[in-house]
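Read the structure below first, then the notes.
The values are calculated or read from the model by the stated rules, or taken from the named source; none is laboratory data. For clarity, every value in this text was computed on a predicted model and none was experimentally measured. All Cβ positions, glycine included, derive from the backbone under ideal geometry; neighbour counts span all protein chains shown. Accessible surface is based on the protein model in full, side chains and every heavy atom, while ligands, DNA and RNA are left aside. Shrake-Rupley method; radii C 1.70, N 1.55, O 1.52, S 1.80 Å.
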Amino acid sequence: MGMPLIVQKYGGTSVGTAERIKNAARRILETHRNGNSVVAVVSAMSGVTDSLIRMARGITGKPTDREMDALLATGEQTTTALTAIAINSMGGNAVSLTGWQAGIRTNDIHTKAKIHDIVPTAIREHLEKGTIVIVAGFQGHTSSGHITTLGRGGSDLTAIALAAALKADNCEIYTDVDGIFTCDPRIVPAAKKIDVISYDELLEMASSGSKVMQSRSVEFAKKFAIPFEVRNSFNNNRGTLVKEEPVEKVAVRGVSLEKNQAKVTISQVPDRPGSASRLFGVLADTNVVVDVIIQNVNVAESGATDISFTINKDDLEKVGPGLESAAADIGAGKITKRDGIAKLSVVGIGMRTHSGVAAKLFEVLSKGGINIQMISTSEIKIAVIINESCAEEAARLVHKAFLEED
Ligand code: ADP
Ligand code: ASP
Ligand code: MG
């Protein structure tokens with residue numbers, strides 16, 4: 001048996017300044033000195049990825065995707081070198097690797113590439129010599145040698161995928177809060193740290209606005225059964241363990257809020273086969289991700305219905321002439337768009353067996369005077385579309401009703 005292998009990941013805030021890089025370096029070195037092989041994935045220093053995006057937009061509104069990847073990958077490369085420099089200055093022995101050097105191979109969908117596989121030959125060689133390996137998160141390369149990135153928050157995915165490829169004994173995700181909370185603690189100060197959560201619950205939370213972990217990374221962890229722990233890089237508190245069930249089946253594990261949504265309504269859509277297919281086909285062709293959809297009842301036998309759907313506000317500009325001409329073709333009425341919309345979700349695997357969660361959610365919102373515009377459910381989630389202006393207040397009310405002891 002060789003030494004235990006630990007994969008750690010330090011997010012943007014945890015490496016946001018020279019002092020914080022030294023803090024991460026000390027923790028990595030300590031893990032190594034405790035008798036472990038260590039592979040540490042680092043993100044770009046906080047704010048760097050956003051500022052690189054702004055620089056590109058300062059040149060053109062439509063930067064090419066391949067070059068965006070070449071640009072954004074530099075953020076993580078800077079941090080890997082600085083972290084290795086810090087460790088070496090403390091008497092340790094570390095080497096920094098880009099995604100390419102680490103053998104992370106992806107498909108060629110620039111800016112949101114998927115990991116194909118990992119060929120960790122170089123990583124293993126360094127580990128065998130007792131060297132600490134610092135890997136650039138968020139990046140990989142295609143079979144034809146182009147640099148790719150894995151979508152925002154993608155360093156989480158790098159860490160989970162490396163833990164899988166290296167069959168690590170432990171995977172630790174270090175961030176700026178103590179773990180996964182029952183709601184974003186910045187929005188609901190009464191939110192509590194969750195000790196253990198299932199992949200399915202975290203996946204629903206992450207994909208409905210709790211961006212503490214990239215949702216694709218959680219999907220990957222579930223698929224390959226990689227348990228991991230989310231912890232704070234600034235203290236030694238126990239974090240949140242994420243794993244397969246069984247965990248205690250509470251009806252509601254957490255509350256998520258997704259702001260920056262928009263709602264589009266197409267009025268007077270002829271109530272016949274093919275109408276929805278035509279409209280949503282156009283949206284799919286323009287890569288607009290549609291979230292909640294409702295079709296109203298056929299009012300007074302008029303033969304037409306209204307269809308509304310929500311999308312990310314940033315996609316609003318893509319909903320234009322294409323949809324209008326499709327609507328005209330099928331004989332539908334006018335299209336209205338509005339932003340200032342948010343989605344609030346309650347998530348818990350206990351919902352599979354508990355009833356009454358929806359009723360209680362609607363009651364809490366009604367008492368708070370918050371109007372529900374749309375509703376959507378899955379086996380372990382109930383989501384409502386509300387006005388963004390009252391979304392944080394709604395999250396606090398819903399959190400209080402479901403997750404705070406009285
Ligand atoms: P990192 O840079 O370490 O990847 P992120 O900013 O991506 O960190 O994620 C951590 C942040 O996620 C926290 O600061 C917190 O505000 C936010 N967050 C949102 N929802 C939750 C939640 N349910 N539990 C914990 N943090 C959450
Ligand atoms: N730096 C990238 C981002 O800001 C990746 C990451 O931090 O995980 O999205
Ligand atoms: Mg993150």
(message) Which condition from (1) surrounded by fewer than 23 Cβ atoms within 10 Å (Cβ to Cβ); (2) in contact (Cβ under 8 Å) with a residue 12 or more places away in the chain; (3) within 16 Å of ligand 3 (Cβ to nearest atom) is the one that I173 breaks?
(response) (1)
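Among the listed residues S325, S277, S267, identify the single one that is assigned to a helix (DSSP H, G or I), open to solvent by less than 70 Å² (accessible area, probe 1.4 Å) and over 30 Å from T158 (Cα atoms).
Working: S277 fails: open to solvent by less than 70 Å² (accessible area, probe 1.4 Å); S267 fails: assigned to a helix (DSSP H, G or I).
Result of the check over S325, S277, S267: S325.
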(request) Check off (1) within 16 Å of ligand 2 (Cβ to nearest atom); (2) within 20 Å of V230 (Cβ to Cβ) for L5 and give me the number that stays unchecked. (result) (1)
(request) Identify, by number, the condition in (1) open to solvent by less than 20 Å² (accessible area, probe 1.4 Å); (2) touching a residue at least 40 places away in the same chain (Cβ under 8 Å); (3) of a type outside the set (F, W, Y); (4) farther than 24 Å from N237 by Cα that A56 doesn't meet. (result) (2)
(request) All but one of (1) within 15 Å of ligand 2 (Cβ to nearest atom); (2) assigned to a loop (DSSP other than H, G, I, E, B); (3) not hydrophobic (A, V, I, L, M, F, W, C) hold for S144, so report the exception by its number. (result) (1)
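Among M213, M205, which is more than 16 Å from ligand 2 (Cβ to nearest atom) and aliphatic (A, V, I, L, M)? Walk me through it before giving the result.
Values: M213 fails: more than 16 Å from ligand 2 (Cβ to nearest atom).
Residue meeting the stated conditions: M205.
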(message) Looking at region 305-322 only, could you name the residues that are under 19 Å from V384 (Cβ atoms) and either in a strand (DSSP E or B) or small (G, A, S) (or both)?
(response) D306, I307, S308, F309, T310, I311, N312
(message) Of all residues being part of a loop (DSSP other than H, G, I, E, B) and under 23 Å from the mean Cα position of the chain (by Cα) in region 348-406, which is surrounded by the most Cβ atoms within 10 Å (Cβ to Cβ)? Just the residue, please.
(response) G348
(request) Keeping to region 17-47, report how many residues are open to solvent by 20 Å² or more (accessible area, probe 1.4 Å) and within 16 Å of ligand 3 (Cβ to nearest atom). (result) 4
(message) Considering only residues that are crowded, with 20+ Cβ neighbours inside 10 Å and part of a loop (DSSP other than H, G, I, E, B), which ones fall in region 147-165?
(response) L150, G153, G154
(request) All but one of (1) part of a helix (DSSP H, G or I); (2) open to solvent by less than 10 Å² (accessible area, probe 1.4 Å); (3) of a type in the set (A, V, I, L, M, F, W, C) hold for L71, so report the exception by its number. (result) (2)
(request) Would you point out the residue of region 176-202, among those that are surrounded by fewer than 24 Cβ atoms within 10 Å (Cβ to Cβ) and part of a helix (DSSP H, G or I), that is nearest to ligand 2 (Cβ to nearest atom)? (result) Y199
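Does L97 meet the test of being without any contact (Cβ under 8 Å) to a residue 60 or more places away in the chain and crowded, with 19+ Cβ neighbours inside 10 Å? Talk me through it step by step, then tell me what you get.
Working: without any contact (Cβ under 8 Å) to a residue 60 or more places away in the chain: yes; crowded, with 19+ Cβ neighbours inside 10 Å: yes.
Against the criterion (without any contact (Cβ under 8 Å) to a residue 60 or more places away in the chain and crowded, with 19+ Cβ neighbours inside 10 Å), L97 qualifies.
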(request) Filter region 235-256 down to residues that are of a type in the set (V, I, T) and over 21 Å from the mean Cα position of the chain (by Cα) and give me whichever is most open to solvent (accessible area, probe 1.4 Å). (result) V250
(request) Please verify whether region 64-84 includes one or more residues that are at pLDDT 95 or above, at positive phi and of a type outside the set (D, E, K, R). (result) no
